[in-house]
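**Student:** The structure that follows is given in the form of structure tokens.
The values are calculated or read from the model by the stated rules, or taken from the named source; none is laboratory data. Bear in mind the structure is a predicted one, so any value in this text is a computation, not a measurement. Here the Cβ positions follow ideal geometry from the backbone for every residue, glycine too, while neighbour counts run over all protein chains shown.
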Amino acid sequence: MTTTTIEELKSESFGLVANWLSRPEINCWLTTEWRDREVNSTTVAMAVRNKRNRLFLVRHVSEPCGLVALADFDPGDRTAMVWYFLGVSALSRRGITSAAVQQLSGIAFAELGLAVLYAWIMEGNVASRLVLEKSGFRICGRIRDAASYGGKQVNRIYFDLTPSDL
């Protein structure tokens, strides 16, 4: 029995996801689109309607607990960027986010026909690095001082995944 599942994000969960995205301990690791701001249901709805995004609610034992998503979805080049977070901190360190990223990768390759997925983390985000490594992603590069965290510039570390890596 799989205790972690993902499903397309629907309107009834926009408020919950917006609340999670508004939390500084979550959004501090994300792009400036989400970082250091209050997010509302309308903002989440706009992200869902954007054809370059695919957002999925993560459930653990049927309870909503996080989000996995594809951004910069490019069907021409067959690429997308993976991003994710766990909204329920009490569920940390149980492999839930890794399982959700693995399911998302399966959908991206098998159903959406993508050839490669990529993700980036801020240097020092150990939990996120572990999620990617457990999900089969490999480091493919870095951009120095490319993200702002805690009032200073830090490196972005890039990872990628192809179907042959699974």
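**Student:** Is there a residue being polar (S, T, N, Q), touching a residue at least 60 places away in the same chain (Cβ under 8 Å) and in contact with a helix residue (DSSP H, G or I) (Cβ under 8 Å, 6 or more places away or on another chain) anywhere in region 11-19?
**Tutor:** Within region 11-19 (the criterion being polar (S, T, N, Q), touching a residue at least 60 places away in the same chain (Cβ under 8 Å) and in contact with a helix residue (DSSP H, G or I) (Cβ under 8 Å, 6 or more places away or on another chain)), the answer is no, since none of the residues qualifies.
**Student:** Being buried (at least 20 other Cβ atoms within 10 Å of the Cβ), more than 16 Å from residue 5 (Cα to Cα), touching a strand residue (DSSP E or B) at 6+ places or on another chain (Cβ under 9 Å) and at pLDDT 95 or above: is that true of residue 114 here?
**Tutor:** On the way: buried (at least 20 other Cβ atoms within 10 Å of the Cβ): yes; more than 16 Å from residue 5 (Cα to Cα): yes; touching a strand residue (DSSP E or B) at 6+ places or on another chain (Cβ under 9 Å): yes; at pLDDT 95 or above: yes.
Criteria met by residue 114.
**Student:** Further question on the same structure: In this structure, is residue 98 in contact (Cβ under 8 Å) with a residue 24 or more places away in the chain and under 20 Å from residue 157 (Cβ atoms)?
**Tutor:** Spelling it out, residue 98 is indeed in contact (Cβ under 8 Å) with a residue 24 or more places away in the chain and under 20 Å from residue 157 (Cβ atoms).
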